[in-house]
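Everything on this sheet refers to the single structure shown next.
The values are calculated or read from the model by the stated rules, or taken from the named source; none is laboratory data. Keep in mind that this is a model prediction, so the values were computed, not measured. As a convention, Cβ positions derive from the backbone with ideal geometry for all residues, glycine included, and neighbour counts pool all protein chains shown.
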Amino acid sequence: MITCSTCKHSNLDGAMFCAECGAQLIGKEDLITQNISTKQFGEINKEIPSRDIVQAFEGSDAWGSLHLLDTGQMLPLSARNEFTMGRISEGQPIMPDIDFSPYQAYAAGVSRLHGVIKREGTRITFMDLGSANGSYINGKRLASNVEQVLSHGDIVALGKLKMQILIKHA
């Protein structure tokens with residue numbers, strides 16, 4: 001058991017955050033990381049092969065897709081015109097529409113409610129929601145709460161989590 005230094009709650013071994021108050025239980029020096037090769041996914045600025053684009057738009061109502069560059073995972077955007085992005089955190093009352101927790105979002109610096117991607121007709125925009133580690137489009141840091149137009153193939157980074165935006169043209 002790990003005892004929280006803030007509220008004295010007993011947490012299970014291996015817990016990173018207190019289940020009672022949410023305080024961080026371990027320091028950065030206790031985290032173990034490793035480098036993972038991403039050569040198999042190609043260079044960041046290259047568009048993905050056309051055969052993969054077909055898979056990215058599975059479903060008749062898909063209008064776009066997020067291609068996670070570290071894993072190669074495709075997340076289709078469909079049915080709705082607006083999606084909040086971030087990571088789920090225990091005890092958080094508001095959940096993002098797209099949860100990047102399974103993709104090491106915490107380690108990459110993704111905020112709980114990091115940004116929003118929106119479709120208005122043929123115009124696709126992204127807006128940072130005042131995140132702690134910022135958002136970037138093609139390497140340029142965005143101002144918080146200001147919509148930026150996206151184009152097919154743009155690279156969006158939420159903190160250090162990078163994804164390529166794929167837009168289906170009708």
(Q) Filter the range 62-88 down to the residues that are part of a loop (DSSP other than H, G, I, E, B) and not polar (S, T, N, Q) and list them by number. (A) Leu69, Asp70, Gly72, Ala79, Arg80, Arg87, Ile88
Q: Output the residue which, of all residues in the range 110-144 that are hydroxyl-bearing (Ser, Thr, Tyr) and out of contact with any Asp or Glu (no Cβ under 7 Å at 6 or more places or on another chain), is nearest to Trp63 (Cα to Cα).
A: Thr122
Q | Members of the range 75-109 that are without any contact (Cβ under 8 Å) to a residue 24 or more places away in the chain and touching an Asp or Glu at 6+ places or on another chain (Cβ under 9 Å) | A | Pro76, Ser78, Ala79, Arg80, Asp97
Q) Can you find even one residue in the range 157-164 that is in a loop (DSSP other than H, G, I, E, B) and of a type outside the set (D, E, K, R)? A) yes
Q) Is the range 127-146 home to any residue that is under 17 Å from Pro76 (Cα atoms) and at pLDDT 95 or above? A) no
